[in-house]
Structures are given as structure tokens and as C-alpha cells.
Amino acid sequence: MIKLKRAARTLLTQHGIDPSELGVRTKRLRDASAGLLAVRGRDKEQAQDICQAGLEEIGFAAHAATGLTKYLLYVGRPAQELLADYCDQRWDDLAKTVAAAKKRKEATATSPPRKAAAKTAREKPTKQAQEQAKRILDGTRAVDVALFGRMSADNTDFNVKAASQVAHALSTHAVVNEFDYYTALDDLRPDAEPAADMIGTVDFNAACFYRYANLDQLAANLPGDAELVARSARAWLYSFIHAVPGGKQNSMAARTMPQTLVGVVRETGAWSLANAFLSSVADVPDLMTASTQRLFTHFQQLRDFYGDTQLRHTAIASVGGDLLGVPDDEIAPTLDNFVSRLLTATKA
């Protein structure tokens, strides 16, 4: 699931999102901002200390030696420059903070050893620092932060509830792992010494998978910009459909595209169709067709039982065209038509 989300995130720029509209996951905000200050003429080593103090002042401590924050910060692209601006404006005050910290460290190093004192709580950021932190960590213009959310252990005020929820892919049938046996030979080994210099196996399986994701509250996460919301929803749809995790691609070339797509625009709520495969599809001549029919049958059962008054629009598309029993007005002949129908329905 995590790899699937990352695969989708890396495709957003191919479907209408500019790189400047995406966030950055990093532990290296200190050094990135210090580098910008160095370009502006500040001493680079001192700039690192200043940015270290600046990060701590807004509530995010970084390791003194490496400059890395405790965890990845998910921030908008402007965060590096905004932190650099903040530290530049408060250079003198932050320099005093750095000097005081060095004095305390030196005093501790020269004083006789004492019993360990209880660890004091880190000083809470001032109101001014909190406001600056809100500006620096602002994610309301970062499409991927809005889509996939953000959690901040240090300050829950900066948490962003993900607009997109993505489920683990599951097979529609029972799966038995297979083994890829491989060997590698040393090209410079003498012909008189034939042997494999590397040998092993890699587990893999070939399955028909059901994938599910939904999208909600995107407009709330990207407030005040309807055009960006529309482009983000479009990019998310295309990216999720095309997403293929990158692991082991050189070995397996797993570039199979989805066979069947079911998209629903709802007034409220969401339905996963995973229960269609609580009992595995088995003993069928065509696994894909049987899995597709099982999916449609379960979807119709949900509509019959719960009612479909909350369904604003349903679009269904299939590469193979095996859409038996699906109403003609719900069939999308192409991917572009499928996406267009769903996006149009969201505006209705």
C-alpha cells in the first residue's frame, strides 16, 4: 500500500501538477535553508547553527551533529526559503541563542560529574514562533500533502488528514508463491573453472489484484483554489490508475495495467468492494472475467440493499469489454472518458 501511494505520488507531475505544487519529505530542512543563507552571503557553518536554533525555536529539534530532524517533515516546497527568511530576520537573536547553548555545553564539560538530573521538558514555542511555524510548514498549496496527509509528532496542530485513503491490494483468488531461481557468473573466471559465483531464489506471485482508494475533503485541504482542486483530483485519478510499485521491476517487469475500473461519485460515504472476494475465485476458465463479474455482482448487491440515492454517478470501464449486465449509460469506452465522467459529476 505504501509503495502504491508513493508510485502514485511520483506520477502526479505527469498528469498536470507542477513540481512547485508538491511537497517535500525531508529530515534535512536545516541544511537546505543554511545553503540558501550561504548563497545570500552568510557564513555557511554559522548559518547551520542559526538554522538549527531556528528550527528548535519553532518546535522542531534537529540533531546537533547531523542536522537531521527526528523524523521526516512533510512540507511545501517554499519551506526551505521560508525557514531561511525567518532565520535571516532573527539572525542576531538566534546567534545569541547559539552562543548561550555553547556556553552551557562548555560549562557542563568542565564541571565535575554529578548525578543525572531529571530531563527538563523542551521549552514551548512562543506565539510568534508558532505563527512562523504555521507559515513554514503550510501545506495548503502542496497537492501531495493534501492527498496523502501529514502527521507531526511534535505538534498535532500541523497534522493534515489525508484526502485519499488507499487500501492494500488483495488477490481475488488463492495465491501460491513461486520462486525465481537465478545465477550469476564471473566473466573473468577461467574457462577451466566453471561455476556460479552467485546463486539464489526470489519469491514472487502472479495474481489478479483488487485495488481500492477513495478521495474526500480535497477542497478542504486545498482551500480557496478551485482550479488547483480540480487539477489535483484529475491527476490523482490518472496517477492511481497508472501507479505500479517500482520494486523488483528490473527482475520482473511487472507493468500490467488494470483491466477493469469502477468509479463512483457519491454525496457521502464510501464503499470498498473487498468483500466480493471473501471467498476466492476458483475453478474458472477465465480468472479475469470471473473476478470482474464477482465485483459487479457484489456492487449491485450493495446498491440493492443500501440503496443508490447517494450515488451521484457511476462509471465502469474495461479493457476487455466484458461488462455483462452493466447499464449502457454507466459504461465508459476509454480511460479518458472514464475520468472525464467522474470529474464532471463532482461539479454537478
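Throughout, read-outs are computed from the coordinates displayed, never taken from laboratory work. Note that the structure is a prediction, hence the values are computed from the model and not measured. Heads up, the Cβs are rebuilt from the backbone with ideal geometry, glycines too, and the neighbour counts pull from every protein chain shown.
Could you calculate the FRET efficiency of Asp180 with Asp93 from 1/(1 + (r/R0)^6), where r is the beta carbon distance between them and R0 is 41 Å, rounded to 0.05? Numbers along the way, then the final one.
Details: r = 60 Å, r/R0 = 1.46.
Plugging the Cβ-Cβ distance into 1/(1 + (r/R0)^6) gives 0.10.
Taking the Cα centre of the range 82-220 as origin, work out the dipole magnitude from +1 charges on Lys and Arg Cβ and -1 charges on Asp and Glu Cβ, in debye rounded to 20. Spell out each step's value before the answer.
Numbers: 19 positive and 20 negative charges, 357 e Å.
Using only the charged Cβ atoms, the result is roughly 1720 debye.
Taking only Cα atoms, what is the 0 to 90° angle, nearest 10, from helix 226-242's long axis to the longest principal axis of the chain?
Computed tilt is about 60 degrees.
Quick check: the angle from helix 91-110's long axis to the longest principal axis of the chain, C-alpha only, nearest 10 degrees?
Approximately 70 degrees, to the nearest ten.
Distance cut-off 27 Å, Cα to Cα: go down the list Lys70/Lys161; Lys134/Lys161; Lys44/Lys70; Lys3/Lys127 and report the pairs above it. Walk me through the numbers on the way to the answer.
On the way: Lys70/Lys161 21 Å; Lys134/Lys161 16 Å; Lys44/Lys70 22 Å; Lys3/Lys127 38 Å.
Lys3/Lys127, as the Cα separations exceed 27 Å there.
As an exercise, use a Förster radius of 41 Å and the Cβ-Cβ distance of Thr268 and Lys124 to find the FRET efficiency, rounded to the nearest 0.05. Spell out each step's value before the answer.
Values: r = 39 Å, r/R0 = 0.95.
So the FRET efficiency works out to roughly 0.60.
If we count every other residue with Cβ under 13 angstrom of Val202's Cβ, Lys/Arg +1 and Asp/Glu -1, where does the sum land?
Details: positive: Lys248; negative: Glu178, Asp180, Asp203.
Here the charged neighbours net out to -2.
Under a point-charge model restricted to the Cβ atoms of Lys and Arg (+1) and Asp and Glu (-1), what is the dipole moment magnitude of the range 46-112 relative to its Cα centre, in debye to the nearest 20?
Working: 8 positive and 9 negative charges, 64 e Å.
That gives the range 46-112 a dipole magnitude of about 300 debye.
Pull up all non-local amide H partners of Leu73: gap of 5 or more, or a different chain, and H-to-H distance under 5 Å with H placed in the peptide plane.
Thr26, Lys27
With the Cα gyration tensor of the range 210-311 giving a ≥ b ≥ c as the square roots of its eigenvalues, does the rule (a/c under 1.5 for rounded; else a/b larger than b/c for prolate; else oblate) give rounded, prolate or oblate?
On the way: a/c = 2.99, a/b = 1.19, b/c = 2.51.
Note, shape of the range 210-311 comes out oblate.
Can you tell me the length gained on complete extension of the stretch Lys27 to Thr156, counting 0.36 nm per residue apart and subtracting the Cα distance? Walk me through the intermediate numbers first.
Values: separation 129, 0.36 × 129 = 46.44 nm, distance 1.79 nm.
Taking Lys27 through Thr156 to full extension adds about 44.6 nm, to one decimal.
Tell me, what is the percent relative contact order of the chain, built from C-alpha pairs under 8 Å that lie six or more residues apart? Present the calculation step by step, with values, prior to reporting the outcome.
Numbers: 439 pairs, mean separation 59.4, N = 348.
Computed over the chain, the figure is 17 percent.
Separation of the range 319-346 and the range 229-292 by C-alpha centroid, Å?
14
Using only Cα atoms, find the angle between the long axis of helix 287-306 and the longest principal axis of the chain, and express it within 0 to 90 degrees, rounded to the nearest 10.
80
Rank-order 158-171, 25-38, 53-66 by packing density, defined as the average count of other C-beta atoms within 10 Å over each peptide's residues, highest first.
Descending packing order for the listed peptides: 25-38, 53-66, 158-171.
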